[in-house]
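Worksheet: the structure to be examined is printed underneath.
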Amino acid sequence: MSWLQRLNQTRAELAERNFDPWQKKLEAAVRGVESISTVALLDLLRTPANTGTARRLAKVMRSIGFIPLKSRRLMPGGFRDTTIRGWARPFKRLENVN
């Protein structure tokens with residue numbers, strides 16, 4: 001086996017080890033969604049809301065292109081003390097705007 005073949009094989013093994021099983025489920029859940037709360041995502045995954053699961057969720061959400069946010073709009077009737085944390089797709093810059 002050549003050196004390049006071993007390098008490619010090692011890269012593939014590392015990518016497989018770093019793959020999180022939540023990723024496919026979350027990608028399917030947020031398809032077509034602009035923003036979603038962390039609580040809703042944890043409910044979808046049926047996991048407890050604690051620091052460990054929130055960090056794992058954050059890693060996966062960042063890897064699929066979402067950014068963290070703190071908003072009042074995600075909560076129906078949100079006002080002052082009702083803020084919620086969640087995830088949103090970033091706005092894309094429009095090019096060639098006159």
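Under the classification rounded if a/c is under 1.5, otherwise prolate if a/b is larger than b/c and oblate if not, where does segment 1-65 fall, given a ≥ b ≥ c as square roots of the Cα gyration tensor eigenvalues? The shape class here is prolate. Other residues lying with their Cβ under 14 Å from the Cβ of residue 53 contribute a combined charge of +4, Lys and Arg counting +1, Asp and Glu -1. When 3, 22, 87 are arranged by Cβ crowding within 10 Å, least crowded first, meaning fewest neighbours, the order is 3, 22, 87.
Rule-based calculations on the coordinates, nothing more; no lab input. From a predicted model like this one, the values you see are computed outputs, not experimental measurements. Here the Cβ is made from the backbone with ideal geometry for all residues, glycine too, and neighbour counts use every protein chain on show.
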